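Working notes for the structure below.
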Amino acid sequence: MIQRLNLHLPISALSLGQCSFNILRELYRRKVQCALFPYGAPDLAAYKIDEQFGKWIETCVNNRYKKVDRSVPTLAVWHLAESQFKPSDRQYLLSFVETDSPTDAEINIANQQDHTFFTSSWTVDNFQTYGARNVSFVPLGLDEDFKPANRRLIPDDQTHWILVGKAEWRKNTEMIIKAWCAKYAGKKEHLLTLAVTNPFYKKDQMEAFYARCFDGKPKPYNVNLLPHLKTNAEMNSLYNSADVDLSGFSRSEGWGLPSFTATALGKWSIVTNVTAHKDWATPENAILVEPVGMKPCYDGVFFHPNQPFNQGNFYDFTTDQLVAAMEKAEKVARTPNLEGLKLAEKFTYKNTVDTILAKIETDSV
């Protein structure tokens, strides 16, 4: 049984931070002694945590320089870039890759780890094809702070659509908003709530983004723009008020937390049948959309050509496919997604951490 770990991971409200927080909670429950090196300043504002768990995190951070030990395994949660630095002799990396063509640098860094876990079996296959050793798939789980609740915040005669996540070409954000508006803008029986942000965009960039989404016209009255939701409790209320989630209509994902969470809470989601989505989304629990091809991943913002990381392609989809999927979603929007609810039982962070620790323990024998 693993009793000590060095940890190198982010603690924040962003997706990697959410994943890391849940891993920390599982390690705390197992009473693992940790030297915790966070990426950046820890930020726990999004979470409601008990006092003892909070003190444990604080102690792990404050004592990291006294407790770090090269003979103790390190668990890192981060992108491949910068994961070449290891605080101990053995490092196990949990990482996320959305492109289809691993670079020499990415393969090399993956191979420098004692083991690399990816949250997508598609990514594992790609890395093995390109020569990576010691890589395997580990699924994420439903954050236990997200629970089904009867909290419908809109009229019963309205279908509530939500879009959650980062404003990004990879996530088809602009396409989704434009397509929804073209079909439902001004129709009072439909409401779209946008919890869309981008921490890398300034205020004027977000304003320009929405101007493009609405074709320079005033925002439709049945589109609701939310400010940044700072807590998981607020996000839980949003998910539970929804009928249909649109966040899964993405070109590529390392897991797809918003669409996965909505589906696991019993909501219907429109989900592209590609990359990490294929590890949890099925025809029974989601409205699946097949790709029509692939396009280079370069968006001029997050993905640039001729770089050592994040090269290759994303899957491609059309507006007509999205509209057809929305029409299917309308038919089931008011019915519970019983198969979706089963995801909460199948995918847990307990299982995630069990898998990671089992590998570390096996290597320690």
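Miscellaneous remarks
- Count - residues of the range 45-100 that are assigned to a loop (DSSP other than H, G, I, E, B) and of a type in the set (Gly, Ala, Ser): 6
- Condition check for residue 41 on (1) buried (at least 18 other Cβ atoms within 10 Å of the Cβ); (2) at pLDDT below 95: one failure, at (1).
- No other residue among 96, 53 is under 17 Å from residue 254 (Cβ atoms), touching a residue at least 24 places away in the same chain (Cβ under 8 Å) and surrounded by 15 or more Cβ atoms within 10 Å (Cβ to Cβ) apart from 96.
- Being closer than 30 Å to residue 30 by Cα, hydrophobic (A, V, I, L, M, F, W, C) and at pLDDT 95 or above holds for only one residue in 343, 322, and it is 343.
- Look at the range 184-208: where a residue is without any contact (Cβ under 8 Å) to a residue 60 or more places away in the chain and small (Gly, Ala, Ser) and a partner is crowded, with 20+ Cβ neighbours inside 10 Å and in a strand (DSSP E or B), sitting 6+ places away or on another chain with Cβ atoms under 8 Å, you get 185/223; 195/162; 195/163; 195/164; 195/165.
- Residue 76 being within 21 Å of the chain's Cα centre (by Cα) and among the small types (Gly, Ala, Ser): yes
- Members of the range 175-212 that are of a type outside the set (A, V, I, L, M), under 22 Å from residue 333 (Cβ atoms) and not in a loop (DSSP other than H, G, I, E, B): 178, 180, 181, 183, 184, 190, 193
- For the range 173-202, the tally of residues that are charged (D, E, K, R) and closer than 18 Å to residue 302 by Cα stands at 2.
- Close pairs from the range 131-150: first in the same structural domain as residue 19 (by TED's automatic domain parsing) and at positive phi, partner surrounded by 18 or more Cβ atoms within 10 Å (Cβ to Cβ) and in a strand (DSSP E or B), Cβ under 9 Å, at least 6 apart: 134/115; 134/116
- Residue within the range 7-26 that is touching a residue at least 40 places away in the same chain (Cβ under 8 Å), among the small types (Gly, Ala, Ser) and in a helix (DSSP H, G or I) present: yes
- Long-range neighbours under 8 Å by Cβ, at least six apart or interchain, first residue more than 29 Å from residue 260 (Cα to Cα) within the range 348-365, second hydrophobic (A, V, I, L, M, F, W, C) and exposed (fewer than 13 other Cβ atoms within 10 Å of the Cβ): 361/1
The values are calculated or read from the model by the stated rules, or taken from the named source; none is laboratory data. Just so you know, these numbers come straight off a predicted model, no measurement behind them. Glycine gets a Cβ as well: all are built from the backbone with ideal geometry, and neighbour counts include every protein chain shown.
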